[in-house]
Amino acid sequence: MQTYNVDVAYLQEEDAFSANQLVQNWPSAANPFLKRSGGNAQTGAHGSLALEDFAQWLGELALALPAFDGVAVDLHLTHDGTDYQVEYTVGQRVANIDPPIEADNPGFVRYALQWFANHRPKIRLFVTDGVFWVQGQ
């Protein structure tokens with residue numbers, strides 16, 4: 001069993017829980033292009049998307065994974081004062097992944113990515129069906 005050093009510093013913010021919603025699983029993307037791109041992404045896939053589009057793309061990536069599998073995605077997050085941008089590279093897929101107890105609900109992913117853009121813009125994000133977590137430094 002692999003263990004993860006998980007960074008949940010974003011949950012220390014005063015508005016962390018009031019600004020987010022719990023969801024059952026990753027919502028399906030409304031945009032058909034994001035749906036297809038995320039659902040078909042393979043190791044090495046890379047690109048750049050606005051944060052909202054990336055969150056939808058990420059959900060499709062997670063929903064397309066086989067049961068009990070996860071994937072690591074390396075991110076470089078930027079914020080220009082108005083918009084958040086995400087540069088991503090799909091890293092390794094992990095079979096039979098055991099998410100850590102600190103893994104978070106997909107309803108927190110946008111908030112978490114905004115926080116990381118402002119505090120630690122280069123991160124490794126793991127996703128599975130129903131949860132995500134950020135690898136600590």
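Before moving on, here are some points about what is shown:
- The chain: relative contact order in percent, alpha carbon pairs under 8 Å with at least 6 residues between: 34 percent
- Whether the chain is rounded, prolate or oblate, judged on the alpha carbon gyration tensor where a/c under 1.5 counts as rounded: rounded
- Judged by the mean number of other Cβ atoms found within 10 Å, the most tightly packed of the peptides 68-75, 116-123 leads the ranking 68-75, 116-123.
- Surface share of carbon and sulfur [accessible, 1.4 angstrom probe, percent] for the range 32-137: 50 percent
- Take the chain with all the other protein chains still there, run a 1.4 Å probe, and you get 53 Å² of accessible area per residue.
- For the range 78-128: rounded, prolate or oblate by the Cα gyration tensor [a/c cutoff 1.5]: prolate
The values are calculated or read from the model by the stated rules, or taken from the named source; none is laboratory data. Just so it is clear, the structure is predicted and the values come from calculations on it, not from any experiment. Neighbour counts are summed over all protein chains in view; Cβ atoms, including those assigned to glycine, are modelled from backbone coordinates with ideal geometry. For accessibility, only protein heavy atoms count, side chains too; no ligands or nucleic acids. Shrake-Rupley method; radii C 1.70, N 1.55, O 1.52, S 1.80 Å.
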